[in-house]
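Everything on this sheet refers to the single structure shown next.
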Amino acid sequence: MKIPVHLASSKQPKLFLKPQSLFLLRNLSAEPKLPQPSPQESEPSIVTHAVDLLLKTPQDEWTSSSQLKQLLFSSSSSSHTPRDFFQITRRFPSFSQALSFFNYVKSNSDDENTPSLSYTFQAILELAIHEPDWQNKLLDLYKTCKEQKVPLSVNAATLLIRFLGKAGMVDKSLVVYNELDEDARNTHIRNVLIDVLLRDGRVDSAFNVLDEMLDRESEFPPNDVTGDIIFYWLTKKRRSGRDFSDEEVIGLVTKFGEHGVFPNTIWLTQLISRLYRIAKGCQAWDLVQELMKLGADLEVACCNALLSGLGRDGDFKRMNQLLMEMKENDIQPDVVTFGVLINRLCKSYRIDEAMKVFEEMNKGNESDGVCVEPDVIIYNTLIDGLCKVGRQEEGLGLMERMRSEKGCAPSVITYNCLIHGFCKAGNIERGQELFDEMNKRGVKPNVVTLNTLVDGMCRHGRIHSAVEFFKEEMKNGLKGNVVTYTTLINAFCNVNNIQQAVDWFDDMCQAGCSPDAIVYYTLISGLCQARRMKDASSVFSKLKEAGFYPDIVCYNVMIGGFCKKNMLDEAYEVLKEMEGAGMNPDCVTYNTLISYFCKAGNFSVAHSVMKQMTKDGVMPTVVTYGALINAYCLDGNVDEAMKIFKEMSSSLKVAPNTVIYNILIDSLCKSNKVEHALFLMDDMKIKGVRPNTSTYNAMFKGLREKKMLDKAFKLMDKMIEHACHPDYISMEILTEWLSAVGETEKLKQFVQGYKVSPSPA
């Protein structure tokens with residue numbers, strides 16, 4: 001992967017990356033922020049004068065008050081604006097007084113369409129929503145408005161739509177909207193209606209309004225508020241109404257983008273991540289490309305989400321392309337950007353390229369003035385990557401470099417990566433040295449550190465050291481978990497020390513560490529291998545008591561264990577239980593039973609089981625045929641074994657392997673049928689099955705008995721040709737035979753890797 005130079009050139013001062021600003025979603029269901037009255041000294045004198053006069057004059061005397069009429073409705077008051085009436089109405093101390101003023105204004109209005117009346121009514125609505133029974137008052141006012149044909153201002157209509165919707169009267173909200181003139185249905189009022197409809201679950205109606213706004217010729221296109229409403233609604237997990245497919249969501253984002261409206265960074269980042277989670281990465285890529293073409297001001301977080309998805313898909317070509325586009329669009333990479341790149345390169349075992357990105361990240365570019373300092377996560381990622389490819393010493397060097405970075409001290413994860421690397425390479429001593437070092441430096445080991453060392457010791461045959469180390473750390477307060485105990489139990493099972501495995505299982509339970517299914521399976525397998533079926537049955541019962549359900553592998557292990565102990569009735573009980581649990585026998589189950597009956601010499605039952613196997617739709621495998629062939633050969637019935645071999649060979653689904661050929665060749669040679677054995681070797685060549693040392697050894701024994709020296713020489717040449725090295729058995733047979741017939745020179749040639757047959761010339 002070629003890393004673009006601009007990754008190192010997008011440079012801010014060391015760790016001086018400013019956090020990207022995030023858009024806040026607007027909540028349109030909240031009460032409107034009512035305009036605050038201006039201080040008295042800044043209000044028009046008419047508002048202050050009128051309010052004082054109205055409050056001093058009894059309401060039943062307003063109509064007869066010439067002073068009021070002169071102040072508010074005379075021709076000399078024509079300079080008053082409708083806004084003055086709005087301010088006067090809002091300054092009444094009670095809703096009822098304001099309503100009385102509205103009636104007073106209406107009675108003195110010559111024209112019902114006067115703006116003063118509309119603004120007065122708007123103020124009444126704003127006061128009504130603060131009343132205890134605001135829902136009823138709002139509905140009554142709306143009815144009054146219709147009956148008295150009071151024209152609604154756009155703000156009044158907006159308030160009615162919003163609060164009627166909040167009161168659950170969405171149909172009324174729709175009526176208010178539909179009664180407005182087309183010119184009055186501006187972007188703001190449409191936004192309010194869409195929000196009301198979506199909250200009520202009327203998705204189709206809301207999107208009908210939205211479609212009108214998204215039309216290229218729309219006089220009232222969507223704005224950022226529209227985008228916030230729609231994108232916020234789309235993020236809701238339990239939104240009412242119909243669901244939207246990812247394709248529809250992407251289409252919406254694109255349509256909004258054509259109007260210069262783009263989703264906020266958080267929402268877009270979530271969308272990109274989701275598309276990659278559901279294997280729709282190509283759509284995420286196309287979406288970001290389209291947004292860039294439309295001029296979206298994308299932030300680095302969105303690009304990081306896309307980079308992460310591309311990295312998981314292993315699409316390094318597009319990762320490079322995106323990095324170039326980030327530079328072209330002046331999107332500065334941050335520490336997360338570099339972290340994504342380095343992480344993906346390390347997981348792809350492209351460590352050298354990851355180190356190159358790391359160096360460019362530190363170095364930066366003086367002309368751009370941007371440099372991103374690596375954090376502890378990036379260091380740990382690189383150290384882990386180096387250790388996984390066997391470059392532990394380089395990882396150590398990087399940790400030393402990490403110490404020199406301000407505020408970037410090695411953590412327990414750093415040490416765990418290095419310890420795991422050294423243990424994996426078999427250098428347990430170095431792993432323990434690092435363990436001691438981390439303690440000295442005040443980095444407290446955790447259970448992962450403990451498990452890494454215990455596992456490393458067990459894998460390299462140092463089980464006693466693992467036990468001593470574990471016990472020592474328990475004294476120091478570092479407790480093991482289920483992984484620790486499972487590692488020890490498995491290690492002791494592998495060396496057939498079953499009693500120690502059982503003891504550790506008991507210790508695990510006493511320590512309050514609940515065994516998981518893997519621990520039970522491991523112990524059951526070990527006990528069955530040691531033929532301690534009573535103990536295996538006890539652990540098997542405990543597994544079920546603990547609430548775990550045995551899988552078919554566990555059942556097969558139990559059946560195999562009982563068969564090895566010749567406890568057929570118990571094996572059948574387990575088989576019956578397995579079928580009762582809804583699991584049908586698989587090829588392993590059938591092969592176990594067939595092998596058991598073959599070893600017991602009960603060939604008729606073995607064949608019956610094989611027929612049942614086929615009947616149940618489980619195809620016999622090479623192991624199935626091998627069990628029968630081996631049993632017949634051991635019984636001295638080579639002819640029957642050859643019959644099964646021919647049946648197997650005629651089947652296109654199961655091809656014989658080297659093991660089966662070796663069994664037959666050995667048996668044929670022992671039965672003095674060497675020519676047949678040689679024929680099988682030729683058959684191996686035709687079928688592409690490679691003979692091994694055991695094949696040749698069986699043939700050498702047979703040829704020696706038949707004194708077929710020339711054939712032996714040819715086989716020796718074939719061994720050299722196929723680089724099949726002789727073992728001590730081969731040398732014992734050939735040394736004894738060739739020495740007896742005076743062909744020791746040819747034996748020396750064979751040992752030295754030269755052909756022994758005479759040249760055709």
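Taken together, the values in this text are just the output of simple stated rules run on the coordinates, not laboratory data. The structure displayed is predicted, hence computed values, not measured ones. Here Cβ is always computed from backbone atoms with ideal geometry, including for glycine, and neighbour counts include all displayed protein chains.
A straight chain from residue 329 to residue 475 at 0.36 nm per residue would run longer than the Cα-Cα distance by 46.7 nm. The residue 607 and residue 671 beta-carbon pair, evaluated with R₀ = 25 Å, returns a calculated FRET efficiency of approximately 0.65. R0 = 51 Å: FRET efficiency of residue 108 with residue 247, Cβ-based, nearest 0.05? E(calc), rounded to 0.05, equals 0.30. Here is the link list: 347/444; 565/687; 646/714. Which ones come out longer than 30 Å on Cα distance? Beyond 30 Å between Cα atoms: 565/687. Rounded to the nearest 10 degrees, the inclination of helix 552-564 to the longest alpha-carbon principal axis of the chain is 20 degrees. Rounded, prolate or oblate: which one fits the chain, using the alpha carbon gyration tensor with axes a ≥ b ≥ c (rounded when a/c is under 1.5, else prolate when a/b beats b/c, else oblate)? It comes out prolate by the Cα gyration axes. With a cut-off of 16 Å on the backbone N, the residues of the range 683-710 near the modelled label site 7 Å out from residue 755 along Cα-Cβ are 710.
Each of residue 707 and residue 100 was given a label point 7 Å from its Cα along the Cα-to-Cβ line. The distance between the two points is 14.2 nm.
I'd like to know which of 161, 100, 124 lies farthest towards the positive end of the charge dipole of the range 98-166, counting +1 on Cβ of Lys and Arg and -1 on Cβ of Asp and Glu. Selected residue: 161. The charge dipole of the chain, taken about the Cα centre with unit charges on the Cβ atoms of Lys, Arg (+1) and Asp, Glu (-1), comes to about 2680 debye, rounded to the nearest 20.
Candidate cross-link partners of residue 172 among the lysines, defined by an alpha-carbon separation under 24 Å and a same-chain spacing of 8 or more, comprise 33, 137, 143, 146, 149.
Within the range 581-707, the ratio Rg/Rh, alpha carbon atoms throughout and Rh by Kirkwood, equals 1.02.
Projecting label points 7 angstrom from Cα along Cα→Cβ for residue 499 and residue 187 puts them 8.5 nm apart. Taking every alpha-carbon pair in the range 473-623 and binning the separations at 5 Å intervals from zero gives 2, 9, 17, 20, 17, 13, 10, 6, 4, 2, 1, 1, 0 percent. Put +1 on the Cβ of every Lys and Arg and -1 on every Asp and Glu Cβ in the range 401-510; which of 419, 408, 486 then has its Cα farthest towards the positive end of the dipole? Sorting the options by dipole projection puts first 408. For the pair residue 297 and residue 411, a Förster radius of 60 Å applied to the C-beta separation gives a FRET efficiency near 0.95, rounded to the nearest 0.05.
Ranking 560, 354, 601 by Cα position along the charge dipole of the chain, where only Lys, Arg, Asp and Glu carry charges on their C-beta atoms, puts 601 farthest toward the positive end. Label residue 619 and residue 649 with points 7 Å out from Cα along Cα→Cβ: what is the distance between them in nm? Label-label distance for residue 619 and residue 649, simple model: 2.0 nm. For residue 544, the aspartates and glutamates whose Cα falls under 19 Å of its own Cα, not counting residues fewer than eight places away in the same chain, are 506, 516, 535, 570, 573, 577, 579. Computed packing ranks the peptides 197-209, 334-346, 277-289 as 334-346, 197-209, 277-289, most packed first, by mean other Cβ atoms within 10 Å.
For each pair in 599/706; 718/746; 685/706; 670/707, compute the distance between the two Cα atoms and list the pairs where it is over 26 Å. From 599/706; 718/746; 685/706; 670/707, over 26 Å: 599/706. Fully extending the segment from residue 462 to residue 510 would add 14.8 nm, taking 0.36 nm per residue of separation and subtracting the current Cα-Cα distance.
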